[in-house]
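One structure is given below, encoded as structure tokens.
The values are calculated or read from the model by the stated rules, or taken from the named source; none is laboratory data. Just so it is clear, the structure is predicted and the values come from calculations on it, not from any experiment. For neighbour counting, all protein chains shown are included, and Cβ atoms are generated from backbone atoms with ideal geometry for every residue, glycine included. Ligands, DNA and RNA are excluded from the accessible area calculation, which covers all protein heavy atoms including side chains. Shrake-Rupley method; radii C 1.70, N 1.55, O 1.52, S 1.80 Å.
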Amino acid sequence: MTVTKEIVVERLKTVNGPDFSGNIVDLGLVSDIFIADGKVFFSITVPAARAQEMEPLRAAAERVVKAIPGVTGAVVALTAEKKGGGMEAPVPPKPAAPRAAPAPASRPAPHAPASQSQGKRGVPGIDSIIAVASGKGGVGKSTTAVNIALGLAANGLKVGVLDADIYGPSMPKLLGIHGRPETVDGKILKPMQNYGLKVMSMGFLVDEETPMIWRGPMVMSALTQMLREVEWGPLDVLVVDMPPGTGDAQLTMAQQVPLAGAVIVSTPQDLALIDARKGLNMFKKVDVPLLGIVENMSYFIAPDTGTRYDIFGHGGARKEAERLGVTFLGEVPLEMGIRESSDAGTPVTVSRPDSAQAQTYRAIATKVWERLQEEQGAAAAATPTIVFE
């Protein structure tokens, strides 16, 4: 059965709006509906002040859509921002309660945002989650992330990779993985696998040429599902290839995902380092430990003459790490073989494991793991011990 927007809309008309005042479609609360490969994406507009209590409404909408024959999954987000699709109708005000209001103590504290009250929930089966990030795109972050993950796996660890770049997923190509993930009981996704890594990416769920034109709430819903509704475990570490930049999606990931540490990737030139500083400061503000900085495209050695060229300058990331008191994890050259193996879906760490480039990535992965152990040890030491006598 082909799933159409019309079918989805008809089913959503069975979902009551806030305070049973009508259905969410006729009230104009449903955004434009996007359907890709049987997966349905949309958001529901609700009053910002009542977002927490509207979760049952979101769950009901998700439930009725998932029940449609041919639907393989649904991503439904709550948002307080109108997003088209006939949402001009105002949300009716909440009527006065016929009984006395509950005591203030039964309500959540008004100054505590939802993300703080819920805390950073761990992911079952995953011991540690690390983010590989950059302040801007085009610095080789994804290539670095996948080779760090493969380097950790080469050191005997059980490793997974979450491709958190919704708009430009690259893990399917970098790891040479094709096809769609299977599900467990039609609910939990099984991660795709290659080279000993467990992998999840939006690139597995939609066609390569399908443009992703979502706004923040839908992006975060998709990321949450790929993180928490996937059969990851057991893993020693999950490497998250973060979206480039320091926008809302990146900040929300850093705030809500229990990150054990972050790795920043930068090229040597001043402009890239300016953006790298933004990434560093973002993680500092949300108390995510900085595991170190990688200088990518650090230098170029001409294959015919062996002459070294510092095309983007050299040593800028090392100096920045020293200035900020952050560990310098290593420098990766601008090398044709790394680009060719990445494009072919056979990363250099597995296609040429004895090469100097592969050894560089494995050394960086080793430092990342050592720094992670140091940070976790420091956190454990800082936790007070309560003794009952």
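Assorted remarks:
- Across the accessible surface of the range 5-80, with the other protein chains kept in place and a 1.4 Å probe, carbon and sulfur atoms take up 54 percent.
- Charge tally in the Cβ shell below 15 Å around GLU370, where Lys, Arg are +1 and Asp, Glu are -1, GLU370 excluded: 0
- Farthest toward positive dipole pole in the range 5-80 [+1 Lys/Arg, -1 Asp/Glu at C-beta], among VAL9, ILE44, GLY70: GLY70
- Charge dipole (the range 5-80, unit charges on Cβ, about Cα centre) - positive-most of PRO18, VAL30, ALA61: ALA61
- The label-point distance for ASN155 and THR224, in a model that sets each label 7 Å from Cα toward Cβ, rounds to 3.3 nm.
- Subtracting the Cα-Cα distance of PHE20 and GLU370 from 0.36 nm times their residue separation leaves 120.5 nm of extension gain.
- In terms of distances greater than 29 angstrom between alpha carbons, the cross-link table entries LYS285/LYS367; LYS173/LYS285; LYS158/LYS187; LYS319/LYS367 yield LYS173/LYS285.
- Ordering 139-147, 155-163 by mean Cβ neighbour count within 10 Å, with the highest value first, yields 139-147, 155-163.
- Accessible carbon and sulfur surface of the range 126-382 relative to its total accessible area, %, 1.4 Å: 51
- With the simple model of a label 7 Å out from the Cα in the direction of the Cβ, ALA356 to ARG121 spans 4.9 nm.
- Calculated accessible area for the range 126-382 comes out at 42 Å² per residue, all protein chains present (probe 1.4 Å; ligands, DNA, RNA ignored).
- Contact order, relative form, for the range 126-382: 26 percent (alpha carbon pairs under 8 Å, 6 or more residues apart, mean separation divided by residue count).
- Other residues lying with their Cβ under 14 Å from the Cβ of ARG58 contribute a combined charge of 0, Lys and Arg counting +1, Asp and Glu -1.
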